[in-house]
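**Q** Before I ask anything, here is the structure I am working with.
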Amino acid sequence: MEVEAIARPDLDGLLRSRRMADGIRIERLAVRSGKRAEVVDVTDRVQRVVSQSGVKTGVCHVFVPHTTAGVFINENADPAVMQDFLQSLDRLVPWEQGYQHAEGNAAAHVKATLIGTSQTVPVHDGRLALGRWQGIYFAEFDGPRDRQLTVTVLP
Amino acid sequence: MEVEAIARPDLDGLLRSRRMADGIRIERLAVRSGKRAEVVDVTDRVQRVVSQSGVKTGVCHVFVPHTTAGVFINENADPAVMQDFLQSLDRLVPWEQGYQHAEGNAAAHVKATLIGTSQTVPVHDGRLALGRWQGIYFAEFDGPRDRQLTVTVLP
Amino acid sequence: MEVEAIARPDLDGLLRSRRMADGIRIERLAVRSGKRAEVVDVTDRVQRVVSQSGVKTGVCHVFVPHTTAGVFINENADPAVMQDFLQSLDRLVPWEQGYQHAEGNAAAHVKATLIGTSQTVPVHDGRLALGRWQGIYFAEFDGPRDRQLTVTVLP
């Protein structure tokens, strides 16, 4: 699981990092996946955006601007949980299943729709108010690819 | 896939369109489905609510006030993706499966719960900050019916 | 289905109820589940938080800080719908399936990820703007346990 900062000029104009006048901060994070299907723990990087925003109380919204990837929140302790998660999804939505979509990645679209494209987390005292065992995970379903996450902090 | 403005007097008092004093805008959109299960692209209509709100930076929340329909974000280019999505859901949650619910539409309730009743999208420079291939879709699972979407723009 | 207020000292510092200076209210609700898998209707308790917040227009965010439980919105009229929902999930994600997670509750993690850890509902005229048949449900997938819900009201 590689995570790396990558310049994406096409989105730079749209989502360049800045603190808005009304106190909302929108930031773009780059995520690089290394396999067809894998999960990448982005909790620390999202927390960094929250910290830099200066927001003490509010919510943090994490959005995936892709159609074959998602974001979810689950256990950050035992990596086996993430393997079970990916295998369960493979069982529910097999890669080959007589799909009509010509690009061959229909299963990735369906998985992304089941998992969802965004998560919202309360922010309290400047910290993501996650439970003790929770982490925020980017879910790649059609990698390896360079991906994005859009993080919005609402005060 | 018909989409049409429909008067719904029962909700008019609750959700009539207006700009609130604190800058939040809540708007109700009408969606008409034509089949038992189908998806309706509502991206342009949601963008119109965002534009009319005058909000430049924030988030847009799209909520389905029904129990047998949902809303999701996925590919807006190849319609085959949406067919694969609906067929995959049918395979996961068959219409007949020995359900207890007497109305006969239990599968639609389960599908709606898997897909979810709302989506939140970042707003940047007055535009929904969707990815290049993303559209917002209303998902009908027990149509045809006249449906609603509640759009809230948070500045 | 028991629902009861329970003191949770470990979270009290983090999430003690209070109205923040910027008008955001974060409140913690305790939920006690009585079975391995069940749903608990928390709509009235969430509405109470909204009422106490004084917020008239905005959104209410309900967050589950656990990795084997979730929250969803669906029918509040016929309890059979909730039984069909739990049984459909059992069929999709069986309790035993050769999982790697050593704690034996991998299925609960997967179900929680499919259902999701939070829901966002519009608030209008100080009320949750839910549809006529909608309720907010805490979903237990590895009970019985004492659980939490974090409710944030954004004005």
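We did not get these values from a lab; they are worked out from the coordinates using the rules stated. Model, not experiment: these values are computed from the prediction. In this analysis, Cβ positions are derived from the backbone assuming ideal geometry, glycine residues included, and neighbour counts consider all displayed protein chains.
**Q** Once you average over the residues of A:141-151, how many Cβ atoms of partner chains fall within 10 Å of each Cβ?
**A** What the average comes to for A:141-151 is 1.
**Q** Additional query: Quantify how strongly other chains surround peptide A:125-135 by giving the mean number of their Cβ atoms within 10 Å of each of its Cβ atoms.
**A** The per-residue average across the peptide is 4.
**Q** Lysines within cross-link reach of residue C:56: Cα-Cα under 28 Å, excluding same-chain residues under 8 positions apart?
**A** Within the straight-line limit of under 28 Å, residue C:56 reaches these lysines: A:56, B:56.
**Q** As I understand it, the value is the acute angle between the Cα axis of helix A:43-53 and the longest principal axis of the Cα atoms of chain A; what does it come to in degrees, rounded to 10?
**A** Taking Cα atoms only, the helix is inclined about 30 degrees.
**Q** Of all alpha-carbon pairs in segment B:24-154, indicate the percentage at a distance above 20 angstrom.
**A** Here the tail beyond 20 Å accounts for 45 percent of pairs.
**Q** Using unit Cβ charges (K, R positive; D, E negative) and no other charged atoms, how large, in debye to the nearest 20, is the dipole of the protein assembly as shown about its Cα centre?
**A** 1700
**Q** Could I ask something else about it? Under a 10 Å cutoff between Cα atoms, tell me which one of B:139, B:30, B:108 has the largest fluctuation in the Gaussian network model of chain B.
**A** Looking only at B:139, B:30, B:108, the biggest GNM fluctuation is shown by B:30.
**Q** Next question. What is chain C's relative contact order, in percent, from Cα pairs under 8 angstrom and six or more apart in sequence?
**A** 43
**Q** Dipole of segment A:24-154, Cα-centred, from +1 at each Lys and Arg C-beta and -1 at each Asp and Glu C-beta, to the nearest 20 debye?
**A** 440
**Q** Now for a separate question. By how many degrees, between 0 and 90 and to the nearest 10, does the Cα long axis of helix B:106-115 differ from the longest principal axis of chain B?
**A** The two axes meet at around 40 degrees.
**Q** Then there is this: Check cross-link reach from residue C:111 to the lysines: straight Cα distance under 21 Å, and skip same-chain residues fewer than eight apart.
**A** A:111, B:111, C:35
**Q** I'd like the FRET efficiency for residue A:91 and residue A:51, computed as 1/(1 + (r/R0)^6) with the beta carbon distance as r and R0 of 25 Å, rounded to 0.05.
**A** Approximately 0.05, to the nearest 0.05.
**Q** Oh, and also: Roughly how tilted is helix B:79-92, in degrees to the nearest 10 and between 0 and 90, from the longest Cα axis of chain B?
**A** The angle comes out at about 50 degrees.
**Q** In debye, nearest 20: dipole of segment C:59-129 around its Cα centre with unit charges on the Cβ of K, R (+) and D, E (-)?
**A** The dipole of segment C:59-129 has a size of about 180 debye.
**Q** Another question, then. Translational diffusion coefficient of the protein assembly as shown at 25 °C, 0.890 mPa s, Stokes-Einstein with Kirkwood Rh over Cα pairs, in µm²/s as a whole number.
**A** Diffusion coefficient, whole number: 112 µm²/s.
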